[in-house]
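For reference, the structure is listed below as structure tokens.
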Amino acid sequence: MLKRRKNNKKGVNYMFEKLNAKIEKFENYINRINKEKKMVGVSVAFSYDNEIIYAKGFGKARLNSKQNITPNTIMSIQSITKSFASTSIMHLVEKGLIDLDKPLVHYLPYFRTSKKEESDKITVRELLSHTAGFPSDILIANIICPNIEELKDLREMQKTKGISDDVRKDIKSFEDITRYFKNVDLDYKPGEGFKYCTDAYVIVGDLFEKVSGISWYDFLQKNIFDKLNMTRTTLEPLKAINDKDSARYYTYDDSSFKEVSFPTNKIAAPIGFIYSTALDMSKYLVAHMDYKNATLLKSISLREMQNSYTRVNDVSSRFDVKNPGYGLGWCTGMYKGLNLVEHSGGYPGVKSFVRMITNKKVGIVCLTNFQETNVIEICNKATDILLDV
């Protein structure tokens, strides 16, 4: 799919000289990694300013039926979901219902870690920016998935952490996860470090529901998915699984592709269990760069999310990024002089990545159904080709 503005010197043809040649170069690159068996399926989309300029699928959505992947194929986006969770909180900030710099216990009095006097100081901003002091390996949010018996690595990690099945099965809500944090020891003082804690984002969902009085799932459907016309985006696992154009997920084992269990974990949805498409995610990126029209949030809120609040030391997964940091649900940094706001997602069989080049108003989406596919390399290649860097 390729769309262009006509007779507009500020449009796509102005921004991307020789666009067709660039697209051809990018497609040749994707076809090469497909031949090298470095992917099963890849769904990509590019946006510029307020429109989607390109979207295409490469490879297979399902190997058993040889079903092709498309820009409309529903796929797991995993931790990119965290930006949706932060967006929901910023809606409440705009309404004056949440102050980012107030302690979390002001809104969730039952929240605490093993040392209450320390965790009482954790602010909402620190929760969203992974600077609260939590360790990165709490694990509870991931192991409550209903299909854990099919995920051997998660099962082994549960045993290593010593979390019993009784404890795991007692988790039935966002609040239960928040209350579980009473067992957690902080690794550093709140606001004085950074550790990416995926479990903490279930607390974000709990915070939203307790302050707003409405379902986090319903809010996302009405105020993000419906509002942005993201018609093929859902939080419902069964809807994603049963859709005729939805992906299945693969690892590589014994020199062949092996299908793995479908990613599902509705109780812990804020950590990474939205299902979307490359086209829908492009609409989402466009809205997050719409500083003028406030389609999704006010400009000040968008920029608050995209501001770096902490430097990220472990950048092994984001090679070539300078000044890596983390905002509110978004990773930040510089790449060859370009301002980046982005996020990745990963799970058995899943790799996903979205990038906003905010000073150029360019968005790149890359969703895949094979965990060995290097989505960051694909996004870097797309960036290099589109912007001649």
| Where in the range 192-213 does the amide nitrogen come within less than 16 Å of the point 7 Å from the Cα of Asn313, taken along Cα to Cβ? | 192-197
| In degrees from 0 to 90, rounded to the nearest 10, what is the angle of the helix 81-94 Cα long axis to the longest principal axis of the chain? | 70
| Extension gain Asn20-Asp185, at 0.36 nm per residue separation less the Cα-Cα distance, in nm? | 54.0 nm
| field | Between helix 278-288 and the chain: long-axis angle, C-alpha atoms, 0 to 90°, nearest 10 | value | 70
| request: Compare Arg179, Arg355, Arg125 in a GNM of the chain, Cα atoms joined below 10 Å, and give the one with the largest fluctuation. | output: Arg179
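Antiparallel DSSP bridges in the chain: what percent, to the nearest 5?
On the way: 52 of 54 bridges.
So the antiparallel bridges in the chain amount to around 95 percent.
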| request: Along Cα→Cβ, 7 Å out, is where each label goes; now give me the distance between the ones at Asp320 and Ile214 in nm to one decimal. | output: 4.2
| remark: Hits in the range 369-387: amide N under 14 Å from the 7 Å Cα→Cβ extension of Lys336, namely 377-387
| note | Candidates for Rg/Rh (Cα atoms, Kirkwood Rh) are [x] 1.00; [y] 0.96; [z] 1.10, and the calculated one carries label [y]
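In which sequence would Leu63, Leu238 go, from the one with the fewest C-beta neighbours within 10 Å to the one with the most?
On the way: Leu63 18, Leu238 11.
Exposure proxy ranking, most exposed first: Leu238, Leu63.
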| note | For the chain, the longest principal axis of the Cα atoms and the Cα long axis of helix 200-212 enclose an angle in degrees, to the nearest 10, of 80
| P(r) tail fraction, the range 233-389 - alpha-carbon pairs more than 20 Å apart, % | 54
| request: Please give the length that would be gained between Asp253 and Lys298 if that part of the chain were fully extended, namely 0.36 nm times their separation in residues minus their C-alpha to C-alpha distance (nm, one decimal). | output: 11.5 nm
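Suppose only helical runs count, i.e. DSSP H with n ≥ 4. What mean residue ellipticity at 222 nm does that imply for the chain under -39500 (n - 2.57) per run, divided by all residues and rounded to the nearest 500 deg cm²/dmol?
Details: 15 runs with 127 residues, N = 389.
About -9000 deg cm²/dmol.
Using r as the Cβ-Cβ distance of Asp243 and Asn147, and R0 as 22 Å, what FRET efficiency do you calculate, to the nearest 0.05?
Values: r = 18 Å, r/R0 = 0.83.
Plugging the Cβ-Cβ distance into 1/(1 + (r/R0)^6) gives 0.75.
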| Once the principal axes of the Cα atoms of the range 23-62 are found, what is the range along each, listed largest first in whole angstroms? | 34, 24, 10
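Over 32 Å between C-alpha atoms is what I'm after, so list which of Lys95/Lys351; Lys195/Lys298; Lys25/Lys222; Lys56/Lys239 land there. Can you show the working numbers first?
Numbers: Lys95/Lys351 35 Å; Lys195/Lys298 28 Å; Lys25/Lys222 39 Å; Lys56/Lys239 23 Å.
Checking Cα-Cα distances, Lys95/Lys351; Lys25/Lys222 exceed 32 Å.
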| Which aspartates and glutamates does Lys361 reach when only Cα atoms under 14 Å apart count, and residues fewer than 8 places away in its own chain are ignored? | Asp49, Glu51, Asp290, Glu342
| field | Intensity falloff of the range 73-165 expressed as log10 I(q)/I(0), Debye formula with alpha-carbon point scatterers, at q = 0.22 Å⁻¹ | value | -1.16
| remark: The answer for the longest stretch of the chain without any exposed GluC sites (Glu not before Pro) (DSSP loop, at most 10 further Cβ atoms within 10 Å) is 193-389
| note | For the Glu27, Asn50 Cβ pair and Förster radius 22 Å, calculated FRET efficiency rounded to 0.05 is 0.35
| Label point distance in nm, Lys95-Asp170, each placed 7 Å from Cα along Cα→Cβ | 3.3
| query | Dividing the alpha-carbon Rg of the range 164-222 by 2.2 N^0.38 Å yields what? | reply | 1.32
| Ranked list, fewest to most other Cβ atoms within 10 Å of each Cβ, for Asp388, Asp166, Asp176, Asp199 | Asp166, Asp388, Asp176, Asp199
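FYI, it's all coordinate maths here, none of it is from the lab. Nothing here was measured: the structure is a model prediction, and the numbers come from that model. Counting neighbours? That spans all protein chains shown, and the Cβs are built from the backbone with ideal geometry, glycine included.
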